[in-house]
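Reading through the C-alpha coordinates given below for one structure.
The values are calculated or read from the model by the stated rules, or taken from the named source; none is laboratory data. Owing to the predicted nature of the structure, the values given are computational and were not obtained by experimental measurement. Don't worry about glycine lacking a Cβ; one is built from the backbone with ideal geometry, like all the others, and counts go over all protein chains shown. Just so you know, the surface numbers come from the protein's heavy atoms only, side chains and all, with ligands and any DNA or RNA stripped out. Shrake-Rupley method; radii C 1.70, N 1.55, O 1.52, S 1.80 Å.
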Amino acid sequence: MDVSTFTARRRSLPAGGGEIAYTEFGDAGAPAALFVHGLATGGLMWRHVIEQLSGTTRCIAIDLPAHGGTPARADMSVAAMAEVLAELCGGLGLGEVDLVGNDTGGAICQIFAARYPGGLRSLALTNCDTDGNFPPPEFAPMVELARQGKLAEGFAGVAAGPASRAAGPLAGLYNDPATVPDEVWREYYGGGLDRARDVERMIAALDPADLTAATPGLRALRVPTLIVWGTAEESNFGVKWAYQLRELIPGARDVIEVDGAKLLFPEERPGDLVPHLREFWGR
(Lines give C-alpha, C1' and ligand atoms only; values in the text may rest on other atoms or scores of the structure.)
Protein backbone atom coordinates (compact mmCIF):
# COMPACT_ATOMS: atom_id res chain seq x y z
CA MET A 1 0.00 0.00 0.00
CA ASP A 2 1.40 3.40 -0.89
CA VAL A 3 1.67 6.19 1.64
CA SER A 4 -1.03 8.43 0.14
CA THR A 5 -3.61 5.61 0.12
CA PHE A 6 -2.94 4.97 3.77
CA THR A 7 -2.88 8.56 4.99
CA ALA A 8 -6.05 9.42 3.06
CA ARG A 9 -7.92 7.12 5.47
CA ARG A 10 -6.56 8.77 8.61
CA ARG A 11 -9.28 9.87 11.02
CA SER A 12 -9.33 11.62 14.41
CA LEU A 13 -11.28 10.62 17.51
CA PRO A 14 -12.09 13.22 20.18
CA ALA A 15 -11.13 11.77 23.56
CA GLY A 16 -10.90 12.94 27.15
CA GLY A 17 -7.15 13.35 27.01
CA GLY A 18 -7.05 14.88 23.53
CA GLU A 19 -7.51 13.92 19.88
CA ILE A 20 -6.34 10.45 18.79
CA ALA A 21 -5.52 9.88 15.13
CA TYR A 22 -5.98 6.43 13.64
CA THR A 23 -6.24 4.81 10.22
CA GLU A 24 -8.75 2.08 9.46
CA PHE A 25 -9.22 -0.47 6.68
CA GLY A 26 -11.56 -3.43 6.40
CA ASP A 27 -15.18 -4.31 7.15
CA ALA A 28 -16.50 -2.62 10.29
CA GLY A 29 -18.33 -5.86 11.11
CA ALA A 30 -15.18 -8.00 11.04
CA PRO A 31 -13.08 -8.82 14.12
CA ALA A 32 -11.00 -5.76 15.05
CA ALA A 33 -7.22 -5.71 15.24
CA LEU A 34 -5.35 -2.75 16.74
CA PHE A 35 -1.77 -2.16 15.57
CA VAL A 36 0.62 -0.18 17.80
CA HIS A 37 3.91 1.30 16.54
CA GLY A 38 7.02 2.36 18.45
CA LEU A 39 9.07 5.49 18.91
CA ALA A 40 9.51 7.95 16.02
CA THR A 41 7.50 6.02 13.41
CA GLY A 42 3.69 5.97 13.30
CA GLY A 43 0.68 3.93 12.28
CA LEU A 44 2.00 4.16 8.73
CA MET A 45 4.55 1.44 9.45
CA TRP A 46 1.73 -1.13 9.47
CA ARG A 47 0.40 -0.21 6.01
CA HIS A 48 1.64 -3.32 4.17
CA VAL A 49 0.51 -5.71 6.91
CA ILE A 50 -2.91 -4.06 6.98
CA GLU A 51 -3.23 -4.19 3.19
CA GLN A 52 -2.88 -7.97 3.32
CA LEU A 53 -5.15 -8.53 6.34
CA SER A 54 -8.02 -6.09 5.76
CA GLY A 55 -10.02 -8.60 3.70
CA THR A 56 -10.89 -10.54 6.86
CA THR A 57 -10.13 -8.10 9.66
CA ARG A 58 -11.11 -4.60 10.73
CA CYS A 59 -7.57 -3.21 10.87
CA ILE A 60 -6.92 -0.08 12.94
CA ALA A 61 -3.48 1.54 13.22
CA ILE A 62 -3.18 4.14 15.96
CA ASP A 63 -0.87 7.14 15.83
CA LEU A 64 0.45 7.46 19.36
CA PRO A 65 0.69 10.98 20.82
CA ALA A 66 3.45 13.05 19.15
CA HIS A 67 3.36 10.70 16.13
CA GLY A 68 1.47 10.88 12.84
CA GLY A 69 -1.70 12.89 13.29
CA THR A 70 -1.96 12.74 17.10
CA PRO A 71 -0.84 15.73 19.19
CA ALA A 72 1.38 15.22 22.22
CA ARG A 73 0.00 14.98 25.74
CA ALA A 74 1.21 16.24 29.08
CA ASP A 75 2.06 12.70 30.20
CA MET A 76 4.16 10.94 27.55
CA SER A 77 5.01 7.82 29.56
CA VAL A 78 4.29 4.36 28.16
CA ALA A 79 1.84 3.83 31.02
CA ALA A 80 -0.11 6.86 29.79
CA MET A 81 0.10 5.55 26.22
CA ALA A 82 -1.68 2.35 27.34
CA GLU A 83 -4.56 4.54 28.50
CA VAL A 84 -4.62 6.19 25.06
CA LEU A 85 -5.22 2.71 23.59
CA ALA A 86 -8.05 2.23 26.05
CA GLU A 87 -9.56 5.58 25.03
CA LEU A 88 -9.44 4.63 21.36
CA CYS A 89 -10.95 1.19 21.94
CA GLY A 90 -13.73 2.69 24.02
CA GLY A 91 -14.37 5.57 21.64
CA LEU A 92 -14.66 3.26 18.64
CA GLY A 93 -16.69 0.67 20.55
CA LEU A 94 -14.27 -2.09 19.59
CA GLY A 95 -14.99 -4.57 22.36
CA GLU A 96 -12.37 -7.33 22.26
CA VAL A 97 -9.43 -6.69 19.92
CA ASP A 98 -6.49 -8.57 18.50
CA LEU A 99 -3.64 -6.36 19.73
CA VAL A 100 -0.37 -6.22 17.76
CA GLY A 101 2.72 -4.30 18.91
CA ASN A 102 6.23 -3.48 17.75
CA ASP A 103 9.16 -1.76 19.49
CA THR A 104 7.99 0.62 22.24
CA GLY A 105 4.47 -0.14 21.05
CA GLY A 106 5.00 -3.70 22.25
CA ALA A 107 5.73 -2.40 25.74
CA ILE A 108 2.55 -0.32 25.59
CA CYS A 109 0.60 -3.40 24.48
CA GLN A 110 1.95 -5.38 27.43
CA ILE A 111 0.81 -2.69 29.87
CA PHE A 112 -2.61 -2.53 28.21
CA ALA A 113 -2.91 -6.34 28.33
CA ALA A 114 -2.04 -6.41 32.02
CA ARG A 115 -4.59 -3.69 32.81
CA TYR A 116 -7.38 -4.68 30.44
CA PRO A 117 -7.19 -8.42 29.75
CA GLY A 118 -10.93 -8.50 29.16
CA GLY A 119 -10.46 -6.17 26.20
CA LEU A 120 -8.29 -8.66 24.33
CA ARG A 121 -9.15 -11.50 22.01
CA SER A 122 -5.43 -12.09 21.42
CA LEU A 123 -2.01 -10.47 21.73
CA ALA A 124 0.81 -10.53 19.17
CA LEU A 125 4.25 -9.08 19.88
CA THR A 126 7.13 -8.50 17.52
CA ASN A 127 10.58 -7.24 18.60
CA CYS A 128 9.87 -4.97 21.56
CA ASP A 129 10.86 -3.88 25.04
CA THR A 130 10.38 -6.36 27.88
CA ASP A 131 10.73 -6.21 31.64
CA GLY A 132 14.48 -6.26 32.30
CA ASN A 133 15.21 -4.73 28.90
CA PHE A 134 13.31 -1.45 29.02
CA PRO A 135 14.80 0.58 27.64
CA PRO A 136 17.59 -1.59 26.19
CA PRO A 137 21.06 -0.71 27.53
CA GLU A 138 22.20 0.26 24.02
CA PHE A 139 19.44 2.89 23.97
CA ALA A 140 20.33 4.35 27.38
CA PRO A 141 22.58 7.12 25.95
CA MET A 142 19.64 8.35 23.83
CA VAL A 143 17.45 8.49 26.92
CA GLU A 144 20.07 10.50 28.75
CA LEU A 145 20.41 12.94 25.84
CA ALA A 146 16.63 13.32 25.77
CA ARG A 147 16.55 14.10 29.48
CA GLN A 148 19.19 16.76 28.91
CA GLY A 149 17.14 18.24 26.04
CA LYS A 150 19.92 17.48 23.54
CA LEU A 151 18.13 15.09 21.19
CA ALA A 152 15.35 17.05 19.49
CA GLU A 153 17.41 19.47 17.41
CA GLY A 154 19.43 16.71 15.83
CA PHE A 155 16.34 14.63 15.10
CA ALA A 156 14.53 17.60 13.55
CA GLY A 157 17.58 18.36 11.43
CA VAL A 158 17.33 15.00 9.71
CA ALA A 159 14.25 16.28 7.86
CA ALA A 160 16.42 18.61 5.77
CA GLY A 161 16.59 16.38 2.70
CA PRO A 162 16.27 12.84 1.27
CA ALA A 163 19.92 11.91 1.76
CA SER A 164 19.95 12.85 5.44
CA ARG A 165 16.59 11.17 6.06
CA ALA A 166 17.70 7.86 4.56
CA ALA A 167 20.84 7.94 6.73
CA GLY A 168 19.09 9.17 9.89
CA PRO A 169 18.63 7.43 13.24
CA LEU A 170 15.84 5.17 11.95
CA ALA A 171 17.89 3.80 9.05
CA GLY A 172 19.53 1.11 11.16
CA LEU A 173 16.13 -0.37 11.99
CA TYR A 174 15.73 -1.65 8.41
CA ASN A 175 17.69 -4.26 6.50
CA ASP A 176 17.73 -1.97 3.47
CA PRO A 177 16.84 1.64 4.31
CA ALA A 178 17.47 2.69 0.70
CA THR A 179 14.20 1.02 -0.29
CA VAL A 180 12.10 3.09 2.14
CA PRO A 181 10.11 5.70 0.15
CA ASP A 182 10.95 9.31 0.89
CA GLU A 183 7.29 9.92 1.77
CA VAL A 184 7.76 7.54 4.70
CA TRP A 185 10.84 9.38 5.92
CA ARG A 186 8.95 12.67 5.68
CA GLU A 187 6.13 11.23 7.78
CA TYR A 188 8.49 9.92 10.44
CA TYR A 189 10.82 12.93 10.62
CA GLY A 190 8.24 15.62 9.84
CA GLY A 191 6.67 18.11 12.20
CA GLY A 192 9.71 20.27 12.79
CA LEU A 193 11.37 21.06 16.07
CA ASP A 194 8.16 21.15 18.11
CA ARG A 195 7.25 17.58 17.16
CA ALA A 196 10.85 16.47 17.75
CA ARG A 197 10.71 17.94 21.24
CA ASP A 198 7.51 16.01 21.93
CA VAL A 199 9.18 12.74 20.87
CA GLU A 200 12.15 13.73 23.01
CA ARG A 201 9.79 14.02 25.99
CA MET A 202 8.49 10.52 25.33
CA ILE A 203 12.03 9.13 25.24
CA ALA A 204 12.92 11.03 28.42
CA ALA A 205 9.85 9.54 30.12
CA LEU A 206 10.84 5.90 29.50
CA ASP A 207 10.74 4.30 32.95
CA PRO A 208 11.51 0.62 33.66
CA ALA A 209 9.03 0.71 36.53
CA ASP A 210 6.12 1.08 34.10
CA LEU A 211 6.79 -2.29 32.51
CA THR A 212 7.77 -3.95 35.77
CA ALA A 213 4.38 -2.94 37.16
CA ALA A 214 2.71 -4.86 34.33
CA THR A 215 4.55 -8.11 35.07
CA PRO A 216 2.06 -9.55 37.62
CA GLY A 217 -0.77 -8.98 35.17
CA LEU A 218 1.18 -10.62 32.35
CA ARG A 219 1.89 -13.64 34.56
CA ALA A 220 -1.86 -14.10 34.83
CA LEU A 221 -2.62 -13.41 31.15
CA ARG A 222 -4.17 -16.45 29.50
CA VAL A 223 -5.16 -14.65 26.32
CA PRO A 224 -3.67 -16.43 23.27
CA THR A 225 -0.33 -14.73 22.60
CA LEU A 226 1.86 -14.92 19.51
CA ILE A 227 5.53 -13.86 19.49
CA VAL A 228 7.21 -13.23 16.13
CA TRP A 229 10.80 -12.02 16.49
CA GLY A 230 13.46 -10.83 14.06
CA THR A 231 16.85 -12.34 14.81
CA ALA A 232 19.04 -9.43 13.65
CA GLU A 233 18.38 -7.25 16.72
CA GLU A 234 20.85 -8.80 19.16
CA SER A 235 22.08 -5.46 20.54
CA ASN A 236 18.65 -4.18 21.55
CA PHE A 237 15.99 -6.88 21.25
CA GLY A 238 17.81 -10.19 21.17
CA VAL A 239 15.85 -13.40 20.71
CA LYS A 240 16.34 -14.32 24.36
CA TRP A 241 13.82 -11.64 25.26
CA ALA A 242 11.20 -13.30 23.07
CA TYR A 243 11.62 -16.53 25.02
CA GLN A 244 11.43 -14.61 28.29
CA LEU A 245 8.04 -13.29 27.17
CA ARG A 246 6.93 -16.81 26.30
CA GLU A 247 7.85 -17.98 29.79
CA LEU A 248 6.16 -14.99 31.40
CA ILE A 249 2.77 -15.08 29.65
CA PRO A 250 0.75 -18.29 30.23
CA GLY A 251 -1.17 -17.82 26.98
CA ALA A 252 1.98 -17.53 24.88
CA ARG A 253 2.66 -20.07 22.14
CA ASP A 254 5.96 -20.89 20.48
CA VAL A 255 8.31 -18.11 19.47
CA ILE A 256 8.53 -17.72 15.68
CA GLU A 257 12.00 -16.52 14.70
CA VAL A 258 12.34 -14.41 11.54
CA ASP A 259 15.84 -15.04 10.30
CA GLY A 260 17.91 -11.91 9.68
CA ALA A 261 15.01 -9.51 10.26
CA LYS A 262 15.52 -6.14 11.96
CA LEU A 263 13.24 -4.17 14.23
CA LEU A 264 10.91 -2.72 11.58
CA PHE A 265 10.48 -5.99 9.68
CA PRO A 266 6.65 -5.71 9.82
CA GLU A 267 7.00 -2.71 7.53
CA GLU A 268 9.91 -3.94 5.44
CA ARG A 269 9.06 -7.66 5.31
CA PRO A 270 5.31 -8.00 5.93
CA GLY A 271 5.33 -11.47 4.39
CA ASP A 272 7.25 -12.65 7.45
CA LEU A 273 4.43 -11.60 9.78
CA VAL A 274 1.12 -11.73 7.90
CA PRO A 275 0.88 -15.55 7.42
CA HIS A 276 1.55 -16.08 11.13
CA LEU A 277 -1.17 -13.62 12.11
CA ARG A 278 -3.63 -15.26 9.72
CA GLU A 279 -2.95 -18.70 11.15
CA PHE A 280 -2.98 -17.41 14.72
CA TRP A 281 -6.30 -15.61 14.26
CA GLY A 282 -7.83 -18.44 12.23
CA ARG A 283 -9.13 -16.19 9.47
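Things worth noting here:
- A simple spin-label model places pseudo-atoms 7 Å from Cα toward Cβ; at Thr56 and Asp207 they are separated by 4.1 nm.
- Accessible surface, 1.4 Å probe, highest first, among residues Leu123, Leu13: Leu13, Leu123
- Of the chymotrypsin sites (Phe, Trp or Tyr not before Pro) found in segment 227-283, none is in coil by DSSP with at most 14 other Cβ atoms within 10 Å of its Cβ.
- Approximate spin-label separation Glu183-Ala140, in nm, with each point projected 7 Å along Cα-to-Cβ: 4.2 nm
- Label separation (Glu279 vs Ser12): 4.2 nm, computed from points 7 Å beyond Cα along the C-beta direction.
- Take His37: with every protein chain present and a 1.4 Å probe, its accessible area is about 0 Å².
- Along segment 132-143 the Karplus relation, 6.51 cos²θ - 1.76 cosθ + 1.60 evaluated at θ = phi - 60°, assigns HN-Hα couplings of x, 9, 9, x, x, x, 5, 8, 4, x, 5, 5 Hz to successive residues, with x for each Gly and Pro.
- Cα gyration tensor shape of segment 32-80, rounded if a/c is under 1.5, else prolate or oblate by comparing a/b with b/c: prolate
- Amide H contacts for Thr70 (H built 1.01 Å from N in the peptide plane; partners 5 or more residues away or on another chain; cut-off under 5 Å): Ala21.
- Tensor-based shape of the chain (alpha-carbon gyration tensor, a/c under 1.5 rounded, otherwise prolate or oblate): rounded
- Multiplying the residue separation of Asp2 and Glu153 by 0.36 nm and subtracting their alpha-carbon distance yields 51.4 nm.
- Segment 64-112 and segment 165-236 have their alpha-carbon centroids 13 Å apart.
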